[in-house]
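Enquirer: Right, I'll just put the structure down here and ask away after.
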Amino acid sequence: MRATAAALAPLAAEGHALVLTHGNGPQVGGLLRQNELAEREVPPRPMDVLGAETEGQIGYLVQQELANALARAHVARTVVTLITRIEVSRRDPAFRHPTKPVGRYYSEGEARIQRKREGWQLVYDGARGGWRRVVPSPEPRRWLEGELVRQLLDRGGGDSWIPILAGGGGIPVVARGRGQYEGVEAVIDKDLTAALLARELSVETLAIVTDVPSVAVGFGRPWERWLGEVRAAELADHLARGEFGEGSMAPKVRAGLRFLAAGGRRVVITDVPSLGRALRGEAGTRVGRD
């Protein structure tokens, strides 16, 4: 958190308006394990509630460290974490075919018990030698708090506050009619939600920060090549050919292309140390509209 905040504070000092989001996979995994260990004494919380917990937990940590970094840089901006709901469709195919792994690995016996007792769907991972629960990962359709956040940003300007939104892809909810919603047991892809937020807020640049300095084709192979400035069509071609892993870079590339197709100006994919230079066009993978 401190390293990330140290990279973001100079961007704010340079005058950039920032809107932040984040992942939550390890933290939700930890809370799922706490559910199991404490279930004899404390009722287990459902996935949507765990999503809300981690939005507050991680958002607080980002908020605290970034506010401190901004104070050291003499930048007067307020950092605010907002619990964010994202509407998904009850009819999304993901609810019939869950694919998103969550939580720990189970033995054959444990998996059998969870299927019978909880009705979970689990898949076997031969590399890890265990079974893992899978939940639906539906498409994000609508950001319920979006209009309010847009109004606040328009009114106060991005130079007065920095919102932290939709951690872990946001809390998945479905409509019940007459403006009512209920949470569902699902996980929304955080990169697709980031693209949705970026589109709804009409931001110019979607920066996706990961653990490598840029996107690579032939990753880990002798012909490995790191991409700098690249056209959207070329990146889409690499994606279609299966160059990017579904558990790593593919969702980020897909989200970036979706943002550009909806009118976004630029996508940057890089790591924390390279973020400032990437936004200046000196590092990372930088993708503009064709």
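Taken together, the values in this text are just the output of simple stated rules run on the coordinates, not laboratory data. No experiment lies behind these values; they were computed from the predicted model shown. Glycine also receives a Cβ, built like all others from the backbone with ideal geometry; neighbour counts cover every protein chain displayed.
Enquirer: Can you give the angle from 0 to 90° between the axis of helix 47-72 and the longest principal axis of the chain, with both taken from C-alpha atoms, to the nearest 10?
Expert: Long axis of 47-72 versus the principal axis of the chain: about 30 degrees.
Enquirer: Along each of the three principal axes of the Cα atoms of region 1-58, give the extent in whole Å, ordering the values from largest to smallest.
Expert: Extents along the principal axes, in whole Å: 52, 19, 14.
Enquirer: Next question, about the same structure. Would you mind telling me the antiparallel percentage of the DSSP bridges in region 204-290, rounded to 5? Provide the component values of the computation, followed by the final result.
Expert: Numbers: 6 of 15 bridges.
Around 40 percent of the beta bridges assigned by DSSP in region 204-290 are antiparallel ones.
Enquirer: Another one. Mean residue ellipticity at 222 nm from the helices of the chain, using -39,500 (n - 2.57) per DSSP H segment of n ≥ 4 over the full residue count, to the nearest 500 deg cm²/dmol? It would help to have the intermediate numbers written out before the result.
Expert: Numbers: 9 runs with 111 residues, N = 290.
Here the helix-only value at 222 nm equals -12000 deg cm²/dmol.
Enquirer: Using only Cα atoms, locate the centre of region 156-183 and the centre of region 26-78, then give the distance between them in Å, rounded to an integer.
Expert: 16 Å
Enquirer: Among DSSP bridges having both ends in region 61-191, what percentage is antiparallel? Round to the nearest 5.
Expert: Details: 16 of 24 bridges.
So the antiparallel bridges in region 61-191 amount to around 65 percent.
Enquirer: Could you grab the Rg to Rh ratio for the chain? Cα atoms only, Kirkwood for Rh.
Expert: On the way: Rg = 19.8 Å, Rh = 20.3 Å.
Expressed as Rg/Rh, it is 0.97.
Enquirer: Right, another one. Given the options Ala166, Ala194, Ala67, which has the most mean-square fluctuation in a GNM of the chain, springs set between C-alpha atoms less than 10 angstrom apart?
Expert: It is Ala67.
Enquirer: What's the FRET efficiency of Ala127 with Leu37 using the Cβ-Cβ distance as r and R₀ = 22 Å, to the nearest 0.05? It would help to have the intermediate numbers written out before the result.
Expert: Working: r = 26 Å, r/R0 = 1.17.
Calculated value: 0.30.
Enquirer: Continuing with this model, one more query. Among Pro43, Pro93, Pro138, which one shows the highest mean-square fluctuation when the chain is modelled as a Gaussian network with alpha-carbon springs under 10 Å?
Expert: For the chain, modelled as a Gaussian network with Cα springs under 10 Å, the answer is Pro43.
Enquirer: Mind telling me which of Lys116, Lys190, Lys252 comes out most flexible in a GNM of the chain, alpha-carbon contacts under 10 Å?
Expert: Largest GNM mean-square fluctuation: Lys116.
Enquirer: Given a Förster radius of 35 Å and the C-beta distance between Arg91 and Glu234 as r, what FRET efficiency does 1/(1 + (r/R0)^6) yield to the nearest 0.05? Intermediate values should be presented prior to the final figure.
Expert: Numbers: r = 35 Å, r/R0 = 0.99.
For Arg91 and Glu234, the calculated efficiency is 0.50.
Enquirer: Which shape class applies to region 168-290: rounded if a/c is under 1.5, otherwise prolate when a/b exceeds b/c and oblate if not, where a ≥ b ≥ c are the square roots of the Cα gyration tensor eigenvalues?
Expert: Details: a/c = 2.14, a/b = 1.72, b/c = 1.24.
The shape class here is prolate.
Enquirer: Now for a different question. Give, as ranges by residue number, the residues of region 100-122 whose backbone N falls under 18 Å from the point 7 Å along Cα→Cβ of Arg45.
Expert: Inside the label zone: 102-104.
Enquirer: How many percent of DSSP beta bridges within the chain run antiparallel, rounded to 5? Each step should come with its number before you reach the end.
Expert: Values: 22 of 40 bridges.
DSSP beta bridges in the chain are roughly 55 percent antiparallel.
Enquirer: Please enumerate, by chain and number, the lysines with C-alpha under 28 Å from the C-alpha of Lys252, excluding those fewer than 8 residues away in the same chain.
Expert: Lys100, Lys190
Enquirer: Could you state the angle between the C-alpha long axis of helix 146-156 and the longest principal axis of the C-alpha atoms of the chain, as a value from 0 to 90 degrees rounded to the nearest 10?
Expert: Its long axis makes an angle of about 30 degrees.
Enquirer: Using 0.36 nm per residue of separation minus the Cα-Cα distance, give me the extension gain between Asp290 and Asp271 in nm, one decimal. If you can, show how the numbers build up before the last one.
Expert: On the way: separation 19, 0.36 × 19 = 6.84 nm, distance 2.42 nm.
Separation in residues times 0.36 nm, less the Cα-Cα distance, equals 4.4 nm.
Enquirer: Say each of Glu204 and Leu82 gets a label point 7 Å from the Cα, pointing the same way as Cα to Cβ; how far apart are those two points in nm?
Expert: Calculated label separation equals 2.2 nm.
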